[in-house]
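Below is one structure, written out as structure tokens, with a few remarks after it.
The values are calculated or read from the model by the stated rules, or taken from the named source; none is laboratory data. What you see is a predicted model, and the numbers here were worked out from it, not measured in a lab. Cβ sites come from the backbone with ideal geometry, for glycine too, and all protein chains shown count toward neighbours. With ligands, DNA and RNA removed, areas are computed over all heavy atoms of the protein, side chains included. Shrake-Rupley method; radii C 1.70, N 1.55, O 1.52, S 1.80 Å.
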Amino acid sequence: MQDLTEGVTRFQRDVFPAKADLFAALATRHTPHTLFIGCSDARVVPELITGTEPGDLFVVRTAGNLVPAYAPEADGIAASIEYAVTALGVRDIVVCGHSACGAMTALAENHDLSGAPAVATWLRHANASVARTSAAGDVSALVRQNVLAQLANLATHPSVANALARGKTTLHGWVFDIPTGRVQDLTTPQSA
């Protein structure tokens, strides 16, 4: 906890004064351009990876960067997606997976999750990803397939489907490689 309180002190002393005008503007407006859905993994920091400022990204982080398909029951993820699209009008939605993902590793390597029943239940949202991955145990392939499956799940949300149909938002699938810092865009055709 000491590290966190020292971090707050450094923020208030060094960072905030240099960005005081930005924070003053942000106090009265909230207009992020991108909804960034990433993993809860502490090594994946959306603002750091993208070089963005406070206010640029609306961030949702879940274990395994999973996005459940739309269901009529309200949940925090669906509400965050709907708010970002309908109220904030985000132009882009990024689903970002990453190398060495613990959730995808557990699935690829068939880990025993009996001691973590909530995790096991949550990871069922990646069943389609597992089914799409041809090589058992291939974590990298599963990470990529999972990003694509979560993009498909996103498109089932009425707010997203509507924005896509009207050309108001675009979906992007990324994979962040932790040891190299590279980001692979799975939704942009690669040149030969």
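In terms of the Cα gyration tensor, with a ≥ b ≥ c the square roots of its eigenvalues, is region 116-165 rounded because a/c is under 1.5, prolate because a/b exceeds b/c, or oblate? Write down the numbers at each step before the final one.
Working: a/c = 3.47, a/b = 1.55, b/c = 2.24.
Oblate is the answer for region 116-165, as a/c is 1.5 or above yet b/c matches or exceeds a/b.
By accessible area, using a 1.4 Å probe on protein heavy atoms only, the chain has 56% of its surface on carbon and sulfur.
For region 9-107, report the convex hull volume of the alpha-carbon atoms normalised per residue, in Å³, without decimals. If you can, show how the numbers build up before the last one.
Working: hull volume 13.1 nm³, N = 99.
Dividing the Cα hull volume of region 9-107 by its residues yields 132 Å³.
A P(r) calculated from all alpha carbon pairs of region 86-160, with 10 Å bins opening at zero, reads 18, 45, 26, 10, 0 percent.
Which whole-number value in Å² is the accessible area per residue of region 20-89, probe 1.4 Å?
Here the residues of region 20-89 average 50 Å² of exposed surface.
Summing +1 for each Lys or Arg and -1 for each Asp or Glu among the other residues whose beta-carbon sits under 14 angstrom from that of residue 59 gives -4.
The trypsin sites (Lys or Arg not before Pro) of region 52-136 that DSSP puts in a loop, and whose beta carbon has at most 16 other beta carbons within 10 Å, are 91.
Normalised by the residues of the chain, what does the relative contact order come to in percent, with Cα pairs under 8 Å and at least six apart? Write out the running numbers ahead of the final one.
On the way: 276 pairs, mean separation 43.4, N = 192.
Taking the mean separation of contacting Cα pairs over the length of the chain, I get 23 percent.
Shown in residue order for region 147-156 are the 3J(HN,Hα) couplings computed by the Karplus curve 6.51 cos²θ - 1.76 cosθ + 1.60 at θ = phi - 60°: 4, 5, 5, 5, 5, 5, 4, 4, 5, 7 Hz (x for Gly and Pro). Computed about its Cα centre, the charge dipole of region 72-192 is approximately 360 debye, with only Lys, Arg, Asp and Glu carrying charge at their Cβ.
Calculate how many DSSP beta bridges within the chain are antiparallel, expressed in % of all such bridges and rounded to the nearest 5. Write out the running numbers ahead of the final one.
On the way: 3 of 21 bridges.
Here the antiparallel bridges make up roughly 15 percent for the chain.
Counting only the Cα atoms, the chain fills a convex hull of 166 Å³ per residue.
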